[in-house]
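Have a look at the structure below, then the notes.
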Amino acid sequence: KDKRKRAVVERLDFMFPKVDREFTVKTHSGGIVTIVAYTLIGLLVLAETASWFAQNRMELSTTVVDTSLGKKMRVNMNITFPSLACVDLHLDAIDVAGDSQINIEDTLKKRRLHRDGRPFSQEEIEVDTNFHREQQERKERLLKEELPNDYCGPCYGAHDTEDQCCQTCDDVIAAYDKRKWKSDLLKYTAEQCVREGRDKVEPKKMTKGEGCNLSGYMTVNRVSGNFHIAMGEGIERDGRHIHTYVPEDAPNFNASHIIHQLSFGPEDGKEPLSGTIKVVTERTGTTGLFQYFIKIVPTTYVGETGALLEGADILPSLYEEMEDSKSGKKQRKGMVETNRYFVTERFMPLMTDLLDDEQRDEDNRAAVHAGYSGGHQNHEHHQKQNAVLPGVFFIYEIYPFAVEISRNSVPFTHLLIRLMATVGGVFTLARWADSLMYERSNNTRKPIR
């Protein structure tokens, strides 16, 4: 029975017939074809494998209409101003929804720098802090002399306990900042600030000889708006955002800056503004207005691409809020929401040159030369101050479309199928080529009758 079964199976072997070695012929041309075939198979296998790996690294993007409402957007930043003191650096944010954030500091860290880029040492900071503390204590001592001993200043609703007192204007502002309330109008309304004369304080002049590094993050509404570091302190007055400063001091606001990092959400390594360096000189107007017009595209990374981005923020965690955001508690596993952007920029100098090629007569009327005087005429160069607010403005718009990015996935079986097809095809073509060459060589050997 076993022999009969084997015989039946052997009859089915019509695809792979076997020939005894004594009936096979090996030729020189057959050896060459074999070498070429194996070389070609090796090259094609390597090419197919490399192509398979490349296809699995490809990103697939799908564009959809962004229908999300009420979302927040985190802006990560690390910017250095080499010639701008930290006391003169104020970050404000405004959006089209009417929300504004003045002098954002709760999630940002300022680090004082020397002009050569070295950070201030702890000893230098302590000396400066002690000096300001002595001044504050002296001011409080003088004010207490004018107040009754049992005086307890109101905190205007920002007190933690019923018996809490706010003796100075700074105490009231600190209480408001602790509750994250706006304190811009306190200096004009709080009795402590009015008594200290804070409501009549002139705009502060620029501090020279220092730089500042601003790092951290802020959270804004995901709607169009802008955030900026500009000269003077920003305040809200009559529903408008304005900056108070001394106009004559404007040339001292050096807007030179280095953007180490700027991202709108988790970084994906494709931020066009990261690494930007802008330096102003006398030839470029001593300072001016830098404007970055940013187009933001909401982007979601799905699958393995999203997993690679999880926790990818280079910015160190300064506050607990960032740790919660990085841990992905608000996002699904393997899915990361961020925002890609592209940018255009413009610079408007504060000072521009004027070529005064007109002469004026005694009545201050323009007088025109009549006749040739010979040689080159002397022109006096003057500068005029343009009506610009020195600073760095980031104006951003949100695209109404969202992009979903995922990693392309090609099954391993596809690679096997292509490899088998490649190997089989090469062997078939090689056998045909060997057969043709063998028949041709036989025909040339036959004697002519």
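The values are calculated or read from the model by the stated rules, or taken from the named source; none is laboratory data. Just so it is clear, the model here is predicted, and its values are computed rather than measured. With ideal geometry, Cβ positions are generated from the backbone for all residues, glycine too; neighbour counts draw on all protein chains shown. Side chains included, ligands, DNA and RNA excluded: accessible areas come from the protein's heavy atoms. Shrake-Rupley method; radii C 1.70, N 1.55, O 1.52, S 1.80 Å.
Data for the structure
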item	result
Net charge contributed by nearby residues that have their C-beta within less than 12 Å of Asn213 (K/R +1, D/E -1)	+4
Computed label-point distance, nm, for sites Ile395 and Lys109 using a 7 Å Cα→Cβ extension	3.3
Cα-Cα over 19 Å, subset of Lys71/Lys178; Lys72/Lys295; Lys110/Lys208; Lys178/Lys208	Lys71/Lys178; Lys178/Lys208
Cβ-derived FRET efficiency at R0 25 Å, Leu60 paired with Ala421, nearest 0.05	0.50
Accessible surface ranking that places the most exposed of Thr338, Thr49 first, with a 1.4 angstrom probe	Thr49, Thr338
Rounded to the nearest 10 Å², the accessible area of Val336 at probe 1.4 Å	10
Arg11, Arg407, ranked by accessible area, largest first (probe 1.4 Å)	Arg11, Arg407
By accessible area with a 1.4 Å probe, ligands and nucleic acids excluded, highest first: order of Lys384, Lys26, Lys71	Lys26, Lys384, Lys71
For Ile32, solvent-accessible area (1.4 Å; no DNA, RNA or ligand), Å²	80
Met348 - accessible surface, heavy atoms, 1.4 Å probe, Å² rounded to 10	70
